[in-house]
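Following: one structure in structure tokens, then a few remarks.
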Amino acid sequence: MKKATMIKLMDKLLEGECFIVTSHCNPDGDSIGSLTGLCMALRRLKKKAFVVMDDAVPANLEFLMRLSGASVLEGALPEKYSLIALDCGDAKRLCCSEAVKEGAESIINIDHHVSNDCFGDVNYVDKEASSTSEIVYYILKQISKEKKTELVDSAIASCLYTGLITDTGNFMYSNAGADSFKMACEIMKIGIDKDSIVKNLFQSNSYSRMKLLGDALETLSLHGDSIASIELTQEMFQRHGVDSNSTEGIIDYARDIENVEIAVLFKEKSKDDIKVSLRSKEYADVNAIAQKFGGGGHVRAAGCTISDTIENAKLLVIAELKKALKL
């Protein structure tokens, strides 16, 4: 089944002439890494490839847009194109307008989320993969073999490596498997500036973002020994002048507490719109919990949105987490 789907996907990519590439709302390292890497590869195959992302790219990932020279679509849509959806488990979370979706001749869905509902006309969903960037890397290897050329150059490798280390937490998370380390090894042989990538991703926080982190940690709470929560409000974002999408890694401070199994971050997008991020350490299935609130994701990392106040969202989610952990 997987081999047949790979062949169908490769045919679609090789036969198509024009592609729009998008990903999920609130983009992260894997979404931008896979998107920029694939766009460059398509251009190397003499295809037209445009990026459509309605949300701003986080500051620490802008280097990928510069490195890739990604063409952001401006103006009218192409007359004919296929839409490639990367790293998105649900069509409703795609970071593009309905017009972009409806105008596509076909939708190609490439993802690794357990909760992916296969919304595309072509679906390549590998739920065992650490990241969508890992999937894209192995797709490009297959195309390279087919075309008897080497598609993955240093720039493409840099983009995909960024996605890989984002979603594996620099190889700390349990989703980093043999294929992840094999990919990293091969990419290092291709040649990338690993130190520069790490600096951009993890060592380029603004002073104001660190002040925001301080406020977030003031809300850090334990709910029994196994659950920890952090809150981020609109007032905090406004006070420090930080974009509400620049919160990558903050939840890790809750998850990394000794004996904590589940960490939860409550982020206020508006007074009655709360984004909930869930992470587990060893055994809890947070995807199953997120699905109870209309969300989803992975076994160890998932999320949902609750239309209520942050106080009520916290009560609802913590109660569900305690039930799941039998506390």
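Within the range 49-73, which residues are surrounded by 16 or more Cβ atoms within 10 Å (Cβ to Cβ), more than 16 Å from the chain's Cα centre (by Cα) and assigned to a strand (DSSP E or B)?
Listed by number, the residues that qualify are A49, F50.
Can you give me the number of residues within the range 16-35 that are over 20 Å from V122 (Cβ atoms), of a type in the set (V, I, T) and touching a strand residue (DSSP E or B) at 6+ places or on another chain (Cβ under 8 Å)?
The number of residues fulfilling the criteria is 0.
Which residues, taken from the range 271-292, are under 13 Å from V260 (Cβ atoms), touching an Asp or Glu at 6+ places or on another chain (Cβ under 7 Å) and assigned to a strand (DSSP E or B)?
Of everything in the range 271-292, just one residue is under 13 Å from V260 (Cβ atoms), touching an Asp or Glu at 6+ places or on another chain (Cβ under 7 Å) and assigned to a strand (DSSP E or B), namely S280.
Of the conditions (1) more than 15 Å from the chain's Cα centre (by Cα); (2) outside any helix (DSSP H, G or I); (3) surrounded by 14 or more Cβ atoms within 10 Å (Cβ to Cβ), Y138 satisfies every one except a single condition; which number is it?
(2)
Collect the residues in the range 296-327 that are without any contact (Cβ under 8 Å) to a residue 40 or more places away in the chain and part of a loop (DSSP other than H, G, I, E, B), keeping them in residue-number order.
Within the range 296-327, S307, D308, T309, K326 meet the criteria.
Could you list, in sequence order, the residues of the range 82-115 that are in a strand (DSSP E or B) and more than 15 Å from the chain's Cα centre (by Cα)? First the steps, then the outcome.
As a first pass, look at the range 82-115 and keep what is in a strand (DSSP E or B): 82-86, 94, 106-111.
Hits for the range 82-115 are S82, L83, S106, I107, I108.
Say we look at the range 216-233 and pick out the residues that are touching a strand residue (DSSP E or B) at 6+ places or on another chain (Cβ under 9 Å) and part of a loop (DSSP other than H, G, I, E, B); which of these is nearest to A263 (Cα to Cα)?
If we take residues in the range 216-233 being touching a strand residue (DSSP E or B) at 6+ places or on another chain (Cβ under 9 Å) and part of a loop (DSSP other than H, G, I, E, B), then S226 is nearest to A263 (Cα to Cα).
Given the residues S133, S180, which is the only one that is surrounded by 15 or more Cβ atoms within 10 Å (Cβ to Cβ), polar (S, T, N, Q) and free of Cβ contacts under 8 Å to residues at least 60 places away in the same chain?
Working: S133 fails: free of Cβ contacts under 8 Å to residues at least 60 places away in the same chain.
From the options S133, S180, the qualifying one is S180.
Which numbered condition in (1) within 21 Å of D30 (Cα to Cα); (2) within 21 Å of the chain's Cα centre (by Cα) is the only one that V242 fails?
All conditions are met except number (1).
This table checks each residue for (1) in contact with a strand residue (DSSP E or B) (Cβ under 6 Å, 6 or more places away or on another chain); (2) under 27 Å from G69 (Cβ atoms); (3) at pLDDT below 95; (4) of a type in the set (S, T, Y).
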site: C88; (1), (2), (3), (4): yes, yes, no, no
site: S106; (1), (2), (3), (4): yes, yes, no, yes
site: D153; (1), (2), (3), (4): no, yes, no, no
site: I187; (1), (2), (3), (4): no, yes, no, no
site: L201; (1), (2), (3), (4): no, yes, yes, no
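Quickly run through the range 235-284 and pick out the residues that are of a type in the set (S, T, Y) and buried (at least 21 other Cβ atoms within 10 Å of the Cβ). Don't jump to the end; show me each part of the working.
To start, the set of residues in the range 235-284 that are of a type in the set (S, T, Y) comprises 244, 246-247, 253, 270, 277, 280, 283.
The answer is T247, S277, S280.
Return the residue satisfying two criteria in turn: it lies in the range 1-32 and is among the β-branched types (V, I, T) and over 15 Å from S97 (Cα atoms), and of such residues it is surrounded by the most Cβ atoms within 10 Å (Cβ to Cβ). So that I can check it myself, show each step before the final result.
Start the filter on the range 1-32 by keeping residues that are among the β-branched types (V, I, T), which leaves 5, 7, 20-22, 32.
Imposing the further condition that a residue be over 15 Å from S97 (Cα atoms) reduces the set to 5, 7, 32.
Values: T5: 14, I7: 12, I32: 30.
Looking at the filtered set, the residue picked out is I32.
The values are calculated or read from the model by the stated rules, or taken from the named source; none is laboratory data. All values reported here derive from a predicted model rather than from experimental measurement. Heads up, the Cβs are rebuilt from the backbone with ideal geometry, glycines too, and the neighbour counts pull from every protein chain shown.
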